[in-house]
Amino acid sequence: MEEKKVLYSAVQPTNNLTIGNYVGAIRNWVQLQDEYRCYYAIANMHAITVRQDPAALRKNTLQLLALYIACGIDPEKCVLYVQSHVPCHAELAWVLNTITYVGEMERMTQFKDKSARHAENINMGLMDYPVLMAADILLYQADVVPVGIDQRQHLEITRDIAIRFNNRYSPTFTVPEGIYGKVGAKINDLQDPSKKMSKSGDDPNGAIFLSDDRDTVIRKLRRAVTDSEACVRYDPENKPGVSNLLSIYSVMTDKSIEESQKEFEGKGYGEFKLAVGEAVADRIEPVQAEQKRLLADKGYLESVLKSGAEQAFRTARKTLDKVYRKIGFYQGDR
Ligand code: TYM
């Protein structure tokens with residue numbers, strides 16, 4: 001049997017997840033789980049690069065695991081684990097730090113954005129975030145990494161780091177490719193469609209959280225910014241608000257953009273927004289119910305994490321040993 005290619009991705013267990021995280025990442029993971037050998041991590045080490053409440057971080061970790069499974073990721077097929085349970089991530093990140101330049105990290109858009117937003121806490125970890133992400137991906141020799149567009153730059157630097165290491169020491173790492181969804185790789189803020197929908201945006205009406213109830217979803221969508229043309233048409237340049245809503249509708253109903261656009265021909269924005277709201281609520285309600293059911297079975301969730309960490313560790317340690325050998329770390333008879 002031909003070996004499956006390897007897929008790696010992760011989400012940070014911070015605050016609530018938005019439908020942007022679902023559409024840009026998790027939804028695609030479900031579709032890819034049969035084709036690839038998949039590793040899906042809960043990136044708690046990345047999360048602490050901005051200040052977290054420890055109790056909330058702990059709670060969000062199991063919540064995110066339950067969400068992965070509730071969204072349709074099968075722990076029997078995929079390796080689901082918590083990043084900090086596999087110490088190789090921190091160890092490889094240290095090595096990769098020594099072949100990554102400060103200037104490269106300073107140029108990262110997300111670092112610049114987060115530094116502006118958390119001016120009181122521009123810590124080393126925040127700057128090092130992409131190197132840890134490179135370590136995550138390279139440890140598993142991932143061929144593909146499905147993420148939203150906002151992660152493209154981090155993936156590019158991961159490739160650069162892999163190529164640099166391979167050139168300096170000899171081929172060691174697979175150089176990964178990013179996979180970005182055709183629709184929904186960037187879901188924008190409902191109140192300001194020029195920026196991405198984020199967990200930590202300024203206006204709570206700008207983001208729909210996966211934990212929002214039907215009334216909240218519909219209310220937020222009713223208030224979503226559109227334009228004065230009163231025509232439901234996909235044109236991201238001139239109609240960013242409406243186009244964003246069309247993307248959301250299309251993904252939530254599994255219809256194409258063209259089909260969705262056709263459905264609202266001659267209809268007003270009020271009706272359109274209500275339909276988007278219903279579509280989002282219809283899609284997330286069963287996920288919420290399943291997540292709740294899973295969270296009641298902590299024993300099961302912990303068994304998934306234990307098995308995930310063991311499987312992840314085996315693969316990761318193999319790569320790390322190889323790296324240590326190549327760079328000249330004495331390992332005795334290991
Ligand atoms: P995080 O938690 O910030 O985002 C998780 C995933 O959601 C995608 N995403 C979006 N997609 C579309 N529209 C949006 N508005 C939107 N907002 C977020 C992100 O692109 C991401 O795919 N650094 C990663 C976590 C990570 C990781 C990794 C990913 C850590 N190590 C290794 C891949 C491989 C992140 O952005 O998490």
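The values are calculated or read from the model by the stated rules, or taken from the named source; none is laboratory data. Worth saying up front: this structure is predicted, and the values here are computed from it rather than measured. Cβ sites come from the backbone with ideal geometry, for glycine too, and all protein chains shown count toward neighbours. All accessible areas refer to the heavy atoms of the entire protein, side chains included, with ligands and DNA or RNA removed. Shrake-Rupley method; radii C 1.70, N 1.55, O 1.52, S 1.80 Å.
Please work out which one of (1) over 21 Å from Asn44 (Cα atoms); (2) touching a Ser or Thr at 6+ places or on another chain (Cβ under 9 Å); (3) assigned to a loop (DSSP other than H, G, I, E, B) is the condition Ala162 fails and give its number.
Condition (3) is where Ala162 drops out.
Can you tell me which condition Gln153 does not meet? The list is (1) within 11 Å of the ligand (Cβ to nearest atom); (2) surrounded by fewer than 14 Cβ atoms within 10 Å (Cβ to Cβ); (3) of a type in the set (S, T, N, Q), and all the others hold.
Answer for Gln153: the failing condition is (2).
Counting residues that are under 30 Å from Asn167 (Cβ atoms) and among the aromatic types (Phe, Trp, Tyr), which helices (runs of 4 or more DSSP H) fully inside the range 219-334 reach at least 2?
Those helices (runs of 4 or more DSSP H) span 298-327.
Is it the case that the range 231-244 has a residue that's within 16 Å of the ligand (Cβ to nearest atom) and among the polar types (S, T, N, Q)?
Start the filter on the range 231-244 by keeping residues that are within 16 Å of the ligand (Cβ to nearest atom), which leaves 236, 240-241, 243-244.
Those left that are additionally among the polar types (S, T, N, Q): 243-244.
Checked the range 231-244: at least one residue is within 16 Å of the ligand (Cβ to nearest atom) and among the polar types (S, T, N, Q).
Confirm whether Asp215 is more than 25 Å from Asp74 (Cα to Cα) and not assigned by TED's automatic domain parsing to the domain that holds Cys71. Step through it out loud before you land on a result.
On the way: more than 25 Å from Asp74 (Cα to Cα): yes; not assigned by TED's automatic domain parsing to the domain that holds Cys71: yes.
Here the answer is yes, as Asp215 does meet what is asked.
Could you run through the range 216-230 and say how many residues are hydrophobic (A, V, I, L, M, F, W, C) and out of contact with any Pro (no Cβ under 9 Å at 6 or more places or on another chain)?
Residues in the range 216-230 being hydrophobic (A, V, I, L, M, F, W, C) and out of contact with any Pro (no Cβ under 9 Å at 6 or more places or on another chain): 4 in total.
Would you tally the residues in the range 220-232 being touching a residue at least 24 places away in the same chain (Cβ under 8 Å) and open to solvent by 80 Å² or more (accessible area, probe 1.4 Å)?
Residues flagged as touching a residue at least 24 places away in the same chain (Cβ under 8 Å) and open to solvent by 80 Å² or more (accessible area, probe 1.4 Å) within the range 220-232 amount to 2.
Can we say Asp215 is part of a helix (DSSP H, G or I) and open to solvent by 60 Å² or more (accessible area, probe 1.4 Å)?
So Asp215 passes the test.
Only one of these conditions is not met by Pro236: (1) closer than 25 Å to Gln63 by Cα; (2) open to solvent by 50 Å² or more (accessible area, probe 1.4 Å). Which number is it?
Of everything listed in (1) closer than 25 Å to Gln63 by Cα; (2) open to solvent by 50 Å² or more (accessible area, probe 1.4 Å), Pro236 misses just condition (1).
In the set Ala207, Ala289, which member is touching a Ser or Thr at 6+ places or on another chain (Cβ under 9 Å), of a type in the set (A, V, I, L, M) and either surrounded by 20 or more Cβ atoms within 10 Å (Cβ to Cβ) or farther than 18 Å from Asp192 by Cα (or both)?
Ala207
Would a scan of the range 167-190 turn up a residue that is within 8 Å of the ligand (Cβ to nearest atom), open to solvent by 20 Å² or more (accessible area, probe 1.4 Å), farther than 18 Å from Thr49 by Cα and of a type in the set (A, V, I, L, M)?
Looking for residues that are within 8 Å of the ligand (Cβ to nearest atom), open to solvent by 20 Å² or more (accessible area, probe 1.4 Å), farther than 18 Å from Thr49 by Cα and of a type in the set (A, V, I, L, M), one finds none in the range 167-190, hence no.
Among the residues of the range 123-140, are any outside any helix (DSSP H, G or I), crowded, with 19+ Cβ neighbours inside 10 Å and either among the polar types (S, T, N, Q) or more than 11 Å from the ligand (Cβ to nearest atom) (or both)?
Let us first name the residues in the range 123-140 that are outside any helix (DSSP H, G or I), namely 123, 140.
From what's left, crowded, with 19+ Cβ neighbours inside 10 Å: 140.
Pick out the ones that are also either among the polar types (S, T, N, Q) or more than 11 Å from the ligand (Cβ to nearest atom) (or both) and you get none.
For the range 123-140, residues outside any helix (DSSP H, G or I), crowded, with 19+ Cβ neighbours inside 10 Å and either among the polar types (S, T, N, Q) or more than 11 Å from the ligand (Cβ to nearest atom) (or both): absent.
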